[in-house]
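First comes the structure, then the notes that go with it.
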Amino acid sequence: MGEAPAISVDHLENGHSNGVYVKSEPKNIEISVEIGDRTFMIGGNHERNNFSIGVQIHDKNSNNWFSPIVLGTGPKPSQGYSAFVLEQGRILVIKKGSPRNESIWFLEVDSPYVREQKKLLRKEVVAWSKGVRGNAEKPIVISGPSGVGKGTLISMLMKEFPSMFGFSVSHTTRSPRSMERDGVHYHFADKKVMEKEIKDGKFLEFASVHGNLYGTSIESVEAVTDSGKRCILDIDVQGARSVRASSLDAIFIFVCPPSMKELEDRLRARGTETEEQIQKRLRNAEAEIKEGISSGIFGLILYNDNLEECYKKLKVNRLLLIAQNVVMF
Ligand SMILES: Nc1nc2c(ncn2[C@@H]2O[C@H](COP(=O)(O)OP(=O)(O)O)[C@@H](O)[C@H]2O)c(=O)[nH]1
Ligand SMILES: Nc1ncnc2c1ncn2[C@@H]1O[C@H](COP(=O)(O)OP(=O)(O)O)[C@@H](O)[C@H]1O
């Protein structure tokens, strides 16, 4: 596994731990971990937030304390945590005795992702992610009819695991919706330019969907995987079929609506399509759902009825969960 030797960590007692004199000792510190010139104090409530464990940084050189920006969702404040320093500026935090899927957390304090966020935010940053199991490397393809909730579920995943997942930004000739930003939601492309780039072999897959051209460029996938994150592709069934046939070994998930009526209600409520586009998407939806369920392309079929329940199924499903090369104690 190559991790740095696990350093068991004493609980902070009389203000001294790992040789760092703590001037203004933060309250209820459970763990202190020394990495280089810094000591990371983990415990208590994060800035009076009872739902997430606190993190403070002590810099040996300046003898200053920092309260970093904390990204991701950390474990709840409680007793009984232990910490182990891993490679790539990560700290493994284990809560012994809690249910398996609530016992492993990673605090990134100097990973490539945290360094990227520090540069962006110009502040001290740390990022929590929950350690789960599954297959850490494979990209994830999520398909489903327009309006079913793919984008919503993907945003929830990326919000909870900011350092684990990256979204592959597709190209499309469709015009942007009011809240969509070029280069973030899509690369909004000219048809001729996109067709030429497809011919030049720059695309992993492409398809005509609801009358527009959509495609995943190799560059978009690489932009995510080069950042050390797991790539999520939101593509239609045709695209999923092409990816399945390609060398890109991915995990395939299809999201179904509870009913066509509910799908129509959601499309209408979203208010991003004209009546004509809604009708076209609904006509296509029936065939897409049939293909999604019966094609055998998708290893996981999710029914997005209750959003929270569907999201939980997405996260805890044996196919998706992410191995973090966790050393179980
Ligand atoms: N094949 C393929 N389909 C894509 C790609 N990007 C988006 N799509 C699919 O195109 C369809 C329409 O996407 P969009 O216009 O954003 O509508 P939405 O599904 O209602 O969000 C959806 O099924 C997407 O999954 C892509 O790069 N390749
Ligand atoms: N489980 C759900 N119950 C009710 N509304 C939902 C649910 N999931 C998503 N929505 C809503 O349905 C609309 C379509 O969701 P979206 O994520 O844009 O779908 P897609 O990306 O598949 O086109 C959005 O307004 C979203 O807030």
Completion exercise
For K196, counting only aspartates and glutamates whose alpha-carbon sits under 17 Å away and dropping same-chain residues fewer than eight positions off, the answer is E205, E219
Handout entry: Proximal lysines relative to K315, as straight alpha-carbon distance under 29 Å, when same-chain residues fewer than 8 apart are discounted
Key = K76, K95, K96, K118, K130, K138, K150, K159, K229, K261, K290
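Across segment 188-275, how large is the tail of the calculated P(r) beyond 18 Å, expressed as a percent of all Cα pairs? Let's see the in-between values first.
Working: 2159 of 3828 pairs.
Percentage above 18 Å: 56.
Taking the highest mean first, how do the peptides 145-158, 303-316, 209-222, 171-184 order by number of other beta carbon atoms within 10 angstrom per residue?
Descending packing order for the listed peptides: 145-158, 209-222, 303-316, 171-184.
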Practice task
Just order 187-200, 58-71 by mean Cβ neighbour count inside 10 Å, highest at the front, would you?
Solution key: 58-71, 187-200
Exercise for the section: Would you kindly give the portion of the calculated P(r) for segment 255-296 that falls above 17 Å, as a percent of all Cα pairs? Expected result: 30
Practice task
Enumerate the aspartates and glutamates that K280 could reach by cross-link, defined here as Cα to Cα under 14 Å, with residues fewer than 8 away along the same chain left out.
Solution key: E264, E288
Exercise for the section: Place the peptides 290-301, 270-281 in order of packing, highest mean first, counting for every residue the other Cβ atoms within 10 Å and averaging per peptide. Expected result: 290-301, 270-281
Exercise for the section: Count charges around V193 for me, please; just the other residues with Cβ under 12 Å from its Cβ, Lys/Arg as +1, Asp/Glu as -1. Expected result: +1
Problem - Area projected by the alpha carbon convex hull of segment 139-247, averaged over all directions, nm² - result: 6.8
Handout entry: Local electrostatic count at G292 - Lys and Arg +1, Asp and Glu -1, tallied over other residues with Cβ under 12 Å
Key = -1
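Any read-out appearing in this document is the output of simple, stated calculations on the displayed coordinates, not a laboratory observation. Computed from a predicted model, the values in this text were never measured in an experiment. Note: ideal-geometry Cβ built from the backbone for every residue, glycine included; neighbour counts use all protein chains shown.
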